[in-house]
Amino acid sequence: MVDIKAKAENALHDFIGEGKDFRPGQFEAIEATLTNKRTLVVQRTGWGKSMVYFVCTKLLRDEGNGVTLIISPLLALMSNQIAAAEKAGLKCDFLNSIKTNEEKVSLIEKMKNGEMDIVFTTPETLFSELVQAALPQIKIGLFVVDEAHCISDWGHDFRLDYCRIKKLISKMPSSVPLLATTATANDRVIADLEEQLGGDVYVSRGPLMRNNLSIQVLKLANKTERYAWIHENVPKLEGSGIIYCLTRDDCDEIAQFLTANSISARAYYSGREDAEETERLFMNNDIKVIVATVKLGMGYDKGDISFVIHFQTPPGIIAYYQQIGRAGRNIDRAYTFLMNGKEDEDILEYFRKTAFPSEWEAESVYNCIKNNSDAGLYKIIGKLNISKVRIENALKFLVNEEFIYKDKSRYYPSATAFRYNGEHYAEITKQREAEYAQMIDFMNTDQCYNRFVVNALDDKTQENCGLCANCLGYEEFSAAVSDAAMETAANYLEKQYYEIEPRLQWAATSLTPKKVRIANPNEMGICLSRYGHPVYGELVKKGKYEVNGFCDRLVEKSAQLLAPFIEDHGITALTCVPSLRSGIVQNFAERLAERLGLPCLTLLKKTAAKQQKDMENSSFQCENAQKSFAVVEGAVSPKNILIVDDMVDSKWTFTVCGDILTKAGAEHVYPYALAATSKKEG
């Protein structure tokens with residue numbers, strides 16, 4: 001043990017400098033890992049979990065052991081860890097989807113030849129055919145599962161791609177040291193992880209209280225109030241920080257609002273092409289705020305984040321603890337603010353309900369694969385009226401449960417008979433509901449906020465933090481917002497509108513069997529609001545579902561927005577998307593046309609009664625729209641025309657109607673909608 005400790009201390013000094021000591025529990029976790037126990041580290045953010053696997057790697061490689069393979073959910077956020085490891089002379093790299101196939105093959109060869117010290121990868125890449133074929137030829141010296149709560153069904157951020165790791169662990173030789181780390185696991189998750197890790201598991205578990213985090217709850221359900229508070233208070237907060245949102249739309253819109261008001265900000269979520277640049281700017285403090293979904297909740301190590309603001313309520317205390325834990329890692333004091341919106345419960349209920357495939361979805365996808373040879377994703381989409389995301393989710397579950405298997409891009413039934421595990425999914429959903437109820441209790445408690453949080457994670461401390469709003473007895477940053485800030489926020493939100501980008505390809509349907517280019521696509525259109533959002537999205541919602549008519553304010557605002565657009569594009573008339581069920585769009589279009597001084601022409605007719613909102617994927621949406629509309633007999637469209645509808649989602653209604661108008665003489669078709677209903681969820 002003395003020899004291990006001396007070597008470990010020398011390695012620590014290589015990483016962080018002479019004279020530094022291990023934090024309480026770090027060496028014990030290192031020793032347990034190096035003596036071939038399976039080790040689970042459950043320690044608060046900022047404790048230094050990465051130092052455990054860095055030091056272990058250094059010692060194992062010095063003894064001629066194989067590569068350390070680290071499974072992490074978010075490789076893009078680990079570049080700073082690689083930089084830290086390379087300073088100590090470790091050779092590190094990523095093995096992920098960003099790399100070309102040639103780069104992956106080259107890195108795998110280096111792993112086979114023992115040239116790499118640490119390789120970070122994701123579960124998706126780990127279980128790719130390329131890596132799985134190479135894995136038996138790679139000598140693994142240490143296997144690390146970072147953010148290990150993702151393995152557990154009961155973890156707040158359970159991920160199906162992580163679920164396959166436990167099967168790999170069960171087949172791993174006991175001689176390979178295994179280390180699992182997380183900051184967010186309560187007793188139930190820890191017990192589950194111990195069982196899944198197998199064998200004699202050493203659990204390193206320390207106190208979770210963060211004595212430098214100030215927590216304040218801001219009960220500002222109105223979105224305009226929340227925008228106003230952010231506008232007024234973010235400039236008062238020193239340093240840089242994170243604003244967490246539940247949806248990608250909110251990330252985009254808040255970042256745009258801050259930028260428009262001279263506060264440097266960038267949106268950040270999966271799929272953004274500028275994600276890497278945003279990380280770099282934020283890391284270097286070149287932007288004040290990063291507005292992010294939960295993608296920035298794990299693995300991000302920036303020590304000087306001085307504030308975290310939740311624009312909406314997180315799904316539970318454990319997720320909340322992890323996200324506020326991004327702040328104050330290497331500074332004396334950091335501030336966290338929890339807001340709650342009236343939209344939160346609907347969004348979170350949607351997340352809970354869609355976390356697992358329904359029995360009907362799972363069975364439909366399974367039977368589609370069973371009854372169709374060489375069933376690929378798009379073949380399944382074309383046959384089932386289920387959204388692409390839901391089909392992909394069902395496929396993951398069916399593969400994980402081993403009811404089907406994937407060979408290249410095709411799915412096939414396995415020998416295991418299909419059985420829907422509904423009771424288990426229902427139990428997890430019930431647990432998620434309880435976690436959200438606990439979050440509501442947290443927002444209403446009068447006890448120490450920090451103590452409430454760590455007690456919820458089964459840390460039994462009875463000490464108060466002394467610096468949250470409840471402990472202090474006052475708000476360090478007032479929840480009240482000035483009239484000036486409210487006016488700024490209201491004016492900004494009232495002036496927002498959105499572009500409707502044209503579709504350029506037909507979806508594959510029974511009417512158009514292959515994806516082909518649309519000969520004459522629509523022009524770029526305009527959408528006044530997002531459904532339910534202030535100010536006009538709320539008016540659209542009220543008009544459509546409460547009073548059965550759109551108010552004069554929507555007509556007036558639409559006319560103000562469209563008047564210069566109509567003049568710039570030479571639009572000479574407008575028409576509307578017809579309906580068999582309601583006349584409110586026709587009524588709105590006629591009033592709008594009168595206000596604009598344009599004729600409102602009846603050019604289109606509805607030929608089918610199926611509602612577009614009942615169509616769940618692009619193939620079904622496209623085909624239903626193609627079957628639903630036709631030109632009025634003898635109608636001729638002017639060359640430049642505006643087509644009006646109340647809602648826009650998939651854009652297939654506008655696309656099909658625009659194509660029909662083009663065939664009736666239009667050269668340029670410009671869509672206009674009152675509200676967008678689509679969501680880019682976080």
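The values are calculated or read from the model by the stated rules, or taken from the named source; none is laboratory data. Being a predicted model, the structure only gives us computed values, none of them experimental. Ideal geometry is used to build each Cβ from the backbone, glycine not excepted, and the neighbour counts take in all protein chains shown. These accessible areas exclude ligands, DNA and RNA; they are computed on the full protein's heavy atoms, side chains included. Shrake-Rupley method; radii C 1.70, N 1.55, O 1.52, S 1.80 Å.
Summary of computed values
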item: Matching helices (runs of 4 or more DSSP H) fully within region 444-558 where at least 2 residues are open to solvent by less than 20 Å² (accessible area, probe 1.4 Å) and in contact with a strand residue (DSSP E or B) (Cβ under 7 Å, 6 or more places away or on another chain); result: 449-456, 536-545
item: Which listed residue is assigned to a loop (DSSP other than H, G, I, E, B) and within 26 Å of Ala490 (Cα to Cα), from Ala267, Ala228, Ala255, Ala221; result: Ala221
item: Conditions (1) at pLDDT below 95; (2) touching a strand residue (DSSP E or B) at 6+ places or on another chain (Cβ under 9 Å); (3) polar (S, T, N, Q); number of the one not met by Gln216; result: (1)
item: Any hit, region 284-305, residues being of a type outside the set (A, V, I, L, M, F, W, C), open to solvent by 10 Å² or more (accessible area, probe 1.4 Å) and free of Cβ contacts under 8 Å to residues at least 12 places away in the same chain; result: yes
item: Residue identified as of a type in the set (A, V, I, L, M, F, W, C) and within 18 Å of Ala183 (Cα to Cα) among Ala85, Ala29, Ala6; result: Ala29
item: Spans of helices (runs of 4 or more DSSP H) in region 348-423 with at least 2 residues in contact (Cβ under 8 Å) with a residue 12 or more places away in the chain and more than 26 Å from Glu129 (Cα to Cα); result: 359-371, 377-383
